[in-house]
Amino acid sequence: MQKNDTIPLYLSRFTQSHDEHGSVGVMVVEYDLVSQDLLGLPKSWFIYKDSINGREKLPNWERLWYDLVQEKIKRNTRYGTSSKEEEEEFVLVS
């Protein structure tokens, strides 16, 4: 994730990258897409990532997208933080 990305922007870029790989014949299994997406989340999301990775079955891409957006809204509401503060912790995953 890039420094100034929001969760929806990060997920959109991730989807775009997946689509670009598909257009040149590189197929990425949805499981790998979900796993790679989780790796790009900031350190502050460690417990959330562990809870997802600890499930017997990973969520599909659409469900992960929805859950991440909802989690971000919860965090902003609960802690009263701006998205800018947390986004500074994101790392880039390619």
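Worth a mention:
- Search result, residues across the range 40-55 that are surrounded by fewer than 12 Cβ atoms within 10 Å (Cβ to Cβ) and either within 9 Å of the chain's Cα centre (by Cα) or touching a residue at least 40 places away in the same chain (Cβ under 8 Å) (or both): Lys43
- Taking the criterion of being modelled with pLDDT under 75 and either of a type outside the set (Lys, Arg) or surrounded by 14 or more Cβ atoms within 10 Å (Cβ to Cβ) (or both), the residues of the range 1-16 that qualify are Met1, Gln2, Asn4, Asp5, Phe14.
Residue-wise test of (1) at pLDDT 90 or above; (2) part of a helix (DSSP H, G or I).
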residue	(1), (2)
Val28	no, no
Ser35	no, yes
Arg55	no, no
Pro59	yes, no
Leu92	no, no
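The values are calculated or read from the model by the stated rules, or taken from the named source; none is laboratory data. Keep in mind that what you see is a predicted model, and the values were worked out from it rather than measured. Neighbour counts run over all protein chains shown; Cβ positions are idealised from the backbone, glycine included.
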